[in-house]
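Visitor: Sharing a structure with you now.
The values are calculated or read from the model by the stated rules, or taken from the named source; none is laboratory data. If you're wondering where the values come from, they're calculated on a predicted model, not measured in any experiment. Neighbour counts are summed over all protein chains in view; Cβ atoms, including those assigned to glycine, are modelled from backbone coordinates with ideal geometry.
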Amino acid sequence: MTYRVVLLPGDGIGPDVTAAAVKVLERAITGQGIEIKIESHLLGGCAIDETGTPFPEKTQEAVQTADAVILGAVGGPKWDVGPGHLRPEAGLLALRRLLGVYANIRPVKAFPELIDASPLRKEIAQAVDIVIVRELTGGAYFGKRERGRDEAGARFAYDTMYYSEEEIRRVLQTAFETARLRRKKLTSVDKANVLDSSRLWREIVQEMSAQYPDVTVEHLLVDACAMHLVTHPQVFDVLVTENLFGDILSDESAVLTGSIGMLPSASLGQGIGLYEPIHGSAPDIAGLGIANPLGAILSVALLLRYSLHLEAAALRVEQAVASAVRDGARTKDLARQGENVLTTEQMTERVLSYL
Ligand code: NAD
Ligand code: IPM
Ligand code: MN
């Protein structure tokens, strides 16, 4: 069996962490009787530089026929000037939309050995084991109306948080099913005291909960949720929310584990899975070779699990990361004062040594 995986390294630290991810992927499938063909394409700032657009047609064609897509990160100060639709991030949103990956799964699990890297007290940080299910192709990121600025001489701007019933139902289904396979608790996060889109969201959660009597459902306002995530994160099992809230809450949750560089994600929907670490292109450390590759490497584990259905290989990658961390391997973002700091490549070698 041969699979085609499209690689979109992107900008900043993207190429470094995806190079690490590919090495681990290739090692993980050795002896599995399968072959993976990796094909690299342009997305983001690098694509703007080469072709004038963040999501060139050639990339669009390639991803639509792939078995899975691995993405590094896009964006950077160099491209923060152009009009909205010509920015690297617009290319990423168009990619998600084209693939129809409406459910973004972001597992947040503390590694016991990294507790010291978390700003939270040990007893709080060590119990963190959450899956965030973030709606990924709707809400204010896409809107119903065009977004806009400045008409008739006045300066203004608007973004519309639009959700249809269908968009809400399908991501909730993923969330309920995810909860069913875990500790059977689902926290739906919204701003139903203010937003109409949240009131519809809550209504649909209520309706669907009848089909999942084994899952305990709770509703939480997003501002309170932001607080609970740092005061008692251990109460959360599966957390489901709309696009923008999910973006913010997942960065917040990432620090519970020690570093944003640790968190992987899988974006699932109509078939082709998209796998990316949750962090960005980290312009402040780009080119230094010190980025933490573990979020990208753990994203490969999710690819093995969800797109290739190789659960054992996925677990081996996750265990190799855990072993490297247990062994004291630390990139700069994870290291305490006086601890030995590894480069991206050295960290990758440490993970490979356990595979
Ligand atoms: P960021 O995630 O790139 O960086 C935030 C901080 O975390 C920085 O200090 C950075 O050095 C650090 N960091 C992030 N990943 C790290 C890693 N793997 N190892 C070590 N440290 C890491 O967020 P930002 O600075 O707000 O955004 C920078 C650019 O990235 C922006 O253009 C933004 O739009 C883009 N971005 C892209 C994606 C994506 O492609 N999926 C995600 C988030 C942000
Ligand atoms: C993420 C990023 C993106 C998002 C940006 C770069 C469009 O922050 O993947 O979390 O907001 O979805
Ligand atoms: Mn984000």
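Visitor: Go over the candidates 249, 263 one by one and state the one that is within 13 Å of ligand 2 (Cβ to nearest atom) and surrounded by 24 or more Cβ atoms within 10 Å (Cβ to Cβ).
Guide: Only one candidate passes the filter, namely 263.
Visitor: In region 291-301, what count of residues is obtained for those that are closer than 18 Å to residue 343 by Cβ, more than 12 Å from ligand 2 (Cβ to nearest atom) and in a helix (DSSP H, G or I)? Walk me through how you get there before you give the answer.
Guide: Of all residues in region 291-301, those closer than 18 Å to residue 343 by Cβ come to 291-297.
Still in the running and more than 12 Å from ligand 2 (Cβ to nearest atom): 291-294, 296-297.
Within this subset, residues satisfying the condition of being in a helix (DSSP H, G or I) are 294, 296-297.
Qualifying residue count, region 291-301: 3.
Visitor: Considering only residues that are modelled with pLDDT of 95 or more, in contact with an Asp or Glu (Cβ under 8 Å, 6 or more places away or on another chain) and either within 15 Å of ligand 1 (Cβ to nearest atom) or among the aliphatic types (A, V, I, L, M) (or both), which ones fall in region 241-259?
Guide: 243, 246
Visitor: Does region 79-95 hold any residues that are surrounded by fewer than 22 Cβ atoms within 10 Å (Cβ to Cβ) and either within 16 Å of ligand 3 (Cβ to nearest atom) or not assigned by TED's automatic domain parsing to the domain that holds residue 267 (or both), and which are they?
Guide: Result: 80, 87, 89, 90, 93.
Visitor: On the basis of being more than 20 Å from residue 119 (Cβ to Cβ), assigned by TED's automatic domain parsing to the domain that holds residue 347 and in a helix (DSSP H, G or I), does residue 314 make the cut?
Guide: yes
Visitor: Within region 170-289, considering only strands (runs of 3 or more DSSP E) that don't extend past its boundaries, which have at least 3 residues that are under 30 Å from residue 78 (Cβ atoms) and assigned by TED's automatic domain parsing to the domain that holds residue 60?
Guide: In region 170-289, 273-275 are the strands (runs of 3 or more DSSP E) which contain 3 or more residues that are under 30 Å from residue 78 (Cβ atoms) and assigned by TED's automatic domain parsing to the domain that holds residue 60.
Visitor: Quickly run through region 102-128 and pick out the residues that are buried (at least 19 other Cβ atoms within 10 Å of the Cβ) and part of a strand (DSSP E or B).
Guide: Listed by number, the residues that qualify are 103, 104, 105, 106, 107, 108.
Visitor: Moving on. Let me spell it out: the conditions are (1) out of contact with any Phe, Trp or Tyr (no Cβ under 9 Å at 6 or more places or on another chain); (2) within 16 Å of ligand 3 (Cβ to nearest atom), and residue 140 meets all of them except one. Which number is the exception?
Guide: Just one mismatch for residue 140, condition (1).
Visitor: Can we say residue 115 is aliphatic (A, V, I, L, M), more than 16 Å from ligand 1 (Cβ to nearest atom), at pLDDT below 95 and in contact with a Lys or Arg (Cβ under 6 Å, 6 or more places away or on another chain)?
Guide: The answer is yes for residue 115.
Visitor: Check region 16-25 and report whether any residue there is in a loop (DSSP other than H, G, I, E, B), in the same structural domain as residue 305 (by TED's automatic domain parsing), modelled with pLDDT of 95 or more and not acidic (Asp, Glu).
Guide: no
Visitor: Which members of region 29-75 meet the condition of being surrounded by 21 or more Cβ atoms within 10 Å (Cβ to Cβ) and assigned to a helix (DSSP H, G or I)?
Guide: 45, 46, 47, 48, 59, 63
Visitor: Moving on. All but one of (1) surrounded by fewer than 22 Cβ atoms within 10 Å (Cβ to Cβ); (2) at pLDDT below 95; (3) not aliphatic (A, V, I, L, M) hold for residue 319, so report the exception by its number.
Guide: Looking at each condition in turn, residue 319 falls short on (2).
Visitor: Quickly run through region 146-196 and pick out the residues that are at pLDDT 95 or above, surrounded by 14 or more Cβ atoms within 10 Å (Cβ to Cβ) and more than 23 Å from the chain's Cα centre (by Cα).
Guide: 192, 195 - these are the residues of region 146-196 that are at pLDDT 95 or above, surrounded by 14 or more Cβ atoms within 10 Å (Cβ to Cβ) and more than 23 Å from the chain's Cα centre (by Cα).
Visitor: A follow-up question, please. Considering only residues that are of a type in the set (Asp, Glu) and either farther than 29 Å from residue 103 by Cβ or surrounded by fewer than 19 Cβ atoms within 10 Å (Cβ to Cβ) (or both), which ones fall in region 129-145?
Guide: Listed by number, the list holds a single entry, 129.
Visitor: Continuing with the same structure: Of the numbered conditions (1) hydrophobic (A, V, I, L, M, F, W, C); (2) surrounded by fewer than 19 Cβ atoms within 10 Å (Cβ to Cβ); (3) free of Cβ contacts under 8 Å to residues at least 40 places away in the same chain, residue 341 fails exactly one; give the number of that condition.
Guide: Of the numbered conditions (1) hydrophobic (A, V, I, L, M, F, W, C); (2) surrounded by fewer than 19 Cβ atoms within 10 Å (Cβ to Cβ); (3) free of Cβ contacts under 8 Å to residues at least 40 places away in the same chain, the odd one out for residue 341 is (3).
Here's the yes/no breakdown for (1) away from ligand 2 (no atom under 12 Å from the Cβ); (2) crowded, with 24+ Cβ neighbours inside 10 Å; (3) closer than 26 Å to residue 60 by Cβ; (4) free of Cβ contacts under 8 Å to residues at least 12 places away in the same chain:
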residue: 254; (1), (2), (3), (4): no, no, no, no
residue: 284; (1), (2), (3), (4): yes, no, no, yes
residue: 289; (1), (2), (3), (4): yes, no, no, no
residue: 307; (1), (2), (3), (4): yes, no, yes, no
